Amino acid sequence: MKLKSSLLAASFLVAASAASGQEDVNSTMFAVDISGSVGHLFDQIVADETAEYVGGYIAGLDNPHRIWMLSFGEPGQAHRLINIKAMVTERRGSNARALSSQFSAYFRALPGLVQSGDLTPQNSTSIIEFLHALEPVCARGKTRVIMFTDGIEWSAAVDGPGLMSGAVRLPMPSEEFLSGCQIEMLGVGQVKGTMSAEGLAGRLIPQWEAFLGAAGADAVRVMGSFYNF
């Protein structure tokens, strides 16, 4: 399967037969912001470092373990251009080492897909809508969601330029819809090179920490420049 078709496919499930009947397993979702402001879509160095982080994480997983690479940006399922699923097993083609290489290649390919026109960056970023959509996933428990995002909510709910400047703040949730999930947001405040990142991480990280805590996440980790860690 070619890399382009793999990334843009509706779903790609590795070792599906091995996964059947294994509902009570740990899961990790890699949630990829594909809005027009994020560095990993435009800067190959950022994409490579993100790929290295993902590869190292998957290489350390025990089997069985579900992994899922899913995109978010504009609201709604129709805009999820990346939706790739796999199960870490003990088989050579789907063990942690094999899937580490495969998924890191997906992340490394993102800038090339944008340059070729096969992946179009989206014009808005509804991070809050995406988090709400995780509620049924979190309700099953045993799930870690690792989000690669600049943390700029730019949607009907929040004025993006106002959030960036500090004129507006994120609205705090009134329900604990993320209970059962550990949530990590990595790269917050780190935008593509043509935009100013000055002060962004310092303004956004505390707000997202408060938001995710109020939403009931089992554990919260929000970081700005996580690359090369």
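Observations on the structure shown:
- So V32, is it among the β-branched types (V, I, T), at pLDDT 95 or above and part of a helix (DSSP H, G or I): no
- Subset of the range 27-44 [of a type in the set (G, A, S), open to solvent by less than 10 Å² (accessible area, probe 1.4 Å) and under 19 Å from C138 (Cα atoms)]: A31
- Flag for R80 being open to solvent by 20 Å² or more (accessible area, probe 1.4 Å), free of Cβ contacts under 8 Å to residues at least 24 places away in the same chain and within 13 Å of the chain's Cα centre (by Cα): yes
- Annotation: of all residues in the range 107-126 being in contact with a helix residue (DSSP H, G or I) (Cβ under 6 Å, 6 or more places away or on another chain) and assigned to a helix (DSSP H, G or I), the one that is nearest to S27 (Cα to Cα) is F107.
- Residue in the range 127-136 that is free of Cβ contacts under 8 Å to residues at least 40 places away in the same chain and not aliphatic (A, V, I, L, M) present: yes
- Scanning the range 94-126 for residues that are open to solvent by 60 Å² or more (accessible area, probe 1.4 Å) and more than 16 Å from the chain's Cα centre (by Cα) yields a count of 6.
The values are calculated or read from the model by the stated rules, or taken from the named source; none is laboratory data. If you're wondering where the values come from, they're calculated on a predicted model, not measured in any experiment. With ideal geometry, Cβ positions are generated from the backbone for all residues, glycine too; neighbour counts draw on all protein chains shown. Please note that ligands, DNA and RNA were not included when accessible areas were found on the heavy atoms of the full protein model with its side chains. Shrake-Rupley method; radii C 1.70, N 1.55, O 1.52, S 1.80 Å.
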